[in-house]
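Just below is one structure, and these are the notes that go with it.
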Amino acid sequence: MPLYAATIFLSAFLLFLVQPLLAKQILPWFGGTAVVWTTCMVFFQFVLLLGYAYSHWITTRVSPPKQNWVHIALLAVSLAFLPMMPDAGWKPAGDDNPVVHILALLFATVGLPYLVLSSTSPLLQAWFARDYPGGSPYRLFALSNFASMLALLGYPLLIEPRFDNPGQSMVWSVGYAGFVLLCAALAWKARTLPFHAPFVPQADAPAADEPRPSASRIALWLTLSAMGSVVLLGVSNHLTQNVSSIPLLWVVPLAVYLLTFILCFEGRDWYKRDTYLGFLVWALCVMAWFLADKSLQFELLWQVGVFTGGLFFVCMFCHGELARLRPAPRHLTLFYLMVSLGGVLGGVLVGIVAPVTLPGFLELEIALVVVAHLALALNLGRPIPVVGMFVLVAVFTVGALVYRVHNFMQDTIHIERNYYGVLRVKEVRTRADDPETTYRSLVHGAILHGEQWTTEKFRRSATTYYKAGSGVGMAILAHEGKPIKVGVIGLGTGTLAAYGDADDTYRFYDINPAVKRIADTYFTYLKDSAAKIEFVLGDARLSLEREAPQMFDVLAVDAFTGDSIPTHLITYEAVGSFLRHMKPDGVIAYHVSNRFLDLKPVLLAIAEKHGLEYAYVDQHASDGDTTSDWVLLSRTKKIILRPEIVASTEPVVPQPGWRLWTDAYNNLLQVFRY
């Protein structure tokens, strides 16, 4: 029994450790966007399904010892994928479909090892049921989920802060080699077991001679599993789109999701149905309210608490009902196959279907409506007060969805969603009787990416983060009267083009093709600018690495994913790459306005390592308008010591205990504003 437990524990630990580990390594290649994590989840769920299908096939169609030899051969072949490290040849060219590219990359990097790990829990549980008649294999399923949760929580708290990316890959690869040895030993031991488990009644499982589950029961398994997966990914998207696409905000919801599997299948009846149905009522209503109320969207601690707590109760309901409806051990591989298929369906709905069918991030709101109606359907035979309560919850979630859609569409004249997120163009008139007070804004998720007045009188004025008193504005105006070349990472509305004169060049980089279409169609900064405008599609850092030196006078790093600069643009190597494109006295201007992360000490350490001059420019210090924070880096003091910049500069406290951020290491936990 210890060999079964140890092998399943290690396999599950490695299975879920590789998810944040690999996703973080490829995150920079795709602009640091949340699409990376969502697509990775779809891949992992799909391969998990293949692993469960393989275990179901081999345990029901292939008799021992042939099935054991097949599995040993598969284990041996999977070692060819080690060490587990994504090849740089998979970096995108710029116009690739990110979902297809990420899926292909993951299959090439870890496809077979992940398939083997995915098949381990159900396969070994089937062998366990034959080896120990009367024992409950479902406790091994709970152990598997416990190991998975430890891996997820251990990654951002223990592994990520201590190991760089190559070190993480090597640790995982050594662990996988150890797993192969354990699993091969168990497969050898199990080769003499009978083809079918003896039918021995168990106290904590349905009768062993239970007939094959009906189609309606299988459909219910699929629905419950799918809704747990949809709510998981919906919560993950909701948190990362407004903060940053970081491992911590990926793994906490996933750890909560796994915790509910542990509690529901551990065998001690943790799922008290009536108690959790009562909690579910409140969880659905509070989550729906937080989604509908715009005033709550930037309350970070409340958002994390409400949605991780709500996810727990929704998943306790979904997985508790699955545990209540689980079959006898003879059907366990079919059960796991259907549960896995439901997880894949949920992942496909959120990761692939939603971006091309829903105008905004509405999948979580819709999921709450479905869960409320599912709970109502499963309780129709209960007393009238109970049924009435679930009717009210179903009505409330529908009302919250309608109100959320109303708020979402208010003042919106254009909306566009793709795999990089949701873009909205809003048109607002501050005074109804004055057309000169009309302006348009570009909103990505919930984050403002630029505004422009629509009247001829004001439309050429730089607004929001880019006013003349901002760090980037002053860096550009320092070259007034001379032809300059400006690079801009992150197009937005193209506001910085407002500074361009006829002898200037402004070169914009953006990974999202929809941003360029919107900037050309709904805003006029680009077409009104006297400067020569250039545009490069693709991740800016990858594009700059492939280009000849551009000799920029100013390079504005203004790309945002969620409310933060993608981490691959704020490393020692990234700054070194940007310096290759700068004139000797050129200025790199980092936009560091952020509600949740304080990136100024990170840039200070990088500047000191490169021997650069550093200035943190707080616009509030110069004109009383708290619109933007910029960090200016330069090889010389020529620009940074201009009087107007010095007057706006604020000190930054060094953090000597922090490790330097590099392409192989960063730690966003350090920079959170608690």
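The values are calculated or read from the model by the stated rules, or taken from the named source; none is laboratory data. Given the structure is predicted, the values throughout are model-derived calculations rather than measurements. Here the Cβ positions follow ideal geometry from the backbone for every residue, glycine too, while neighbour counts run over all protein chains shown.
If only one of 30, 46 is of a type outside the set (A, V, I, L, M) and either more than 13 Å from the chain's Cα centre (by Cα) or surrounded by fewer than 16 Cβ atoms within 10 Å (Cβ to Cβ) (or both), which one is it?
None of the other options fit; the residue is 46.
Of the residues 431, 404, which single one is among the charged types (D, E, K, R), under 24 Å from residue 366 (Cβ atoms), not in a strand (DSSP E or B) and not assigned by TED's automatic domain parsing to the domain that holds residue 491?
Criteria check complete, one pass: 404.
For segment 534-584, what are the residues that are surrounded by fewer than 21 Cβ atoms within 10 Å (Cβ to Cβ), part of a helix (DSSP H, G or I) and among the basic types (Lys, Arg)?
546
In contact (Cβ under 8 Å) with a residue 12 or more places away in the chain, aliphatic (A, V, I, L, M) and not in a loop (DSSP other than H, G, I, E, B): does that describe residue 387?
In short, no.
Across segment 253-280, what is the number of residues that are part of a helix (DSSP H, G or I) and either crowded, with 19+ Cβ neighbours inside 10 Å or among the basic types (Lys, Arg) (or both)?
Result for segment 253-280: 17.
So in segment 174-224, with the set limited to residues that are polar (S, T, N, Q) and modelled with pLDDT of 75 or more, which one is farthest from residue 74 (Cα to Cα)?
Across segment 174-224, the extreme among qualifying residues is 216.
Can you tell me which residues in segment 99-117 are over 16 Å from residue 21 (Cβ atoms) and surrounded by 24 or more Cβ atoms within 10 Å (Cβ to Cβ)?
Answer for segment 99-117, where residues must be over 16 Å from residue 21 (Cβ atoms) and surrounded by 24 or more Cβ atoms within 10 Å (Cβ to Cβ): just 116.
Go through segment 74-107 and give me each residue that's among the hydrophobic types (A, V, I, L, M, F, W, C), under 23 Å from residue 420 (Cα atoms) and not in a loop (DSSP other than H, G, I, E, B).
Correct list: 88, 90, 99, 100, 102, 103, 104, 105, 106, 107.
Would segment 514-521 turn up any residue that is over 17 Å from residue 578 (Cα atoms) and outside any helix (DSSP H, G or I)?
There is no residue in segment 514-521 that is over 17 Å from residue 578 (Cα atoms) and outside any helix (DSSP H, G or I).
Which of the residues that make up segment 532-551 are closer than 17 Å to residue 494 by Cβ, in contact with a Ser or Thr (Cβ under 9 Å, 6 or more places away or on another chain) and touching a residue at least 40 places away in the same chain (Cβ under 8 Å)?
536, 537
Just checking, does segment 662-674 include any residue being more than 23 Å from residue 240 (Cβ to Cβ) and at pLDDT below 95?
Going through segment 662-674, the residues more than 23 Å from residue 240 (Cβ to Cβ) turn out to be none.
Among the residues of segment 662-674, not one is more than 23 Å from residue 240 (Cβ to Cβ) and at pLDDT below 95, which makes the answer no.
Only one of these is in contact (Cβ under 8 Å) with a residue 12 or more places away in the chain, crowded, with 24+ Cβ neighbours inside 10 Å and over 30 Å from residue 597 (Cβ atoms): 310, 347, 342. Name it.
342
How many residues are over 26 Å from residue 38 (Cα atoms) and surrounded by 15 or more Cβ atoms within 10 Å (Cβ to Cβ) when one looks only at segment 392-411?
Going through segment 392-411 one residue at a time, the tally reaches 4.
Across segment 523-532, what is the total count of residues that are surrounded by fewer than 18 Cβ atoms within 10 Å (Cβ to Cβ) and touching a strand residue (DSSP E or B) at 6+ places or on another chain (Cβ under 9 Å)?
Residues that pass the stated criteria total 2.
Taking the residues in segment 495-513 that are under 28 Å from the mean Cα position of the chain (by Cα) and not in a helix (DSSP H, G or I) as candidates, determine which candidate is surrounded by the fewest Cβ atoms within 10 Å (Cβ to Cβ).
512
Output the number of the condition that residue 395 fails; it satisfies all remaining conditions of (1) part of a helix (DSSP H, G or I); (2) touching a residue at least 60 places away in the same chain (Cβ under 8 Å).
For residue 395, the failing item is (2).
Can we say residue 286 is among the β-branched types (Val, Ile, Thr), farther than 21 Å from residue 408 by Cα and either at pLDDT 85 or above or buried (at least 22 other Cβ atoms within 10 Å of the Cβ) (or both)?
It is false that residue 286 is among the β-branched types (Val, Ile, Thr), farther than 21 Å from residue 408 by Cα and either at pLDDT 85 or above or buried (at least 22 other Cβ atoms within 10 Å of the Cβ) (or both).
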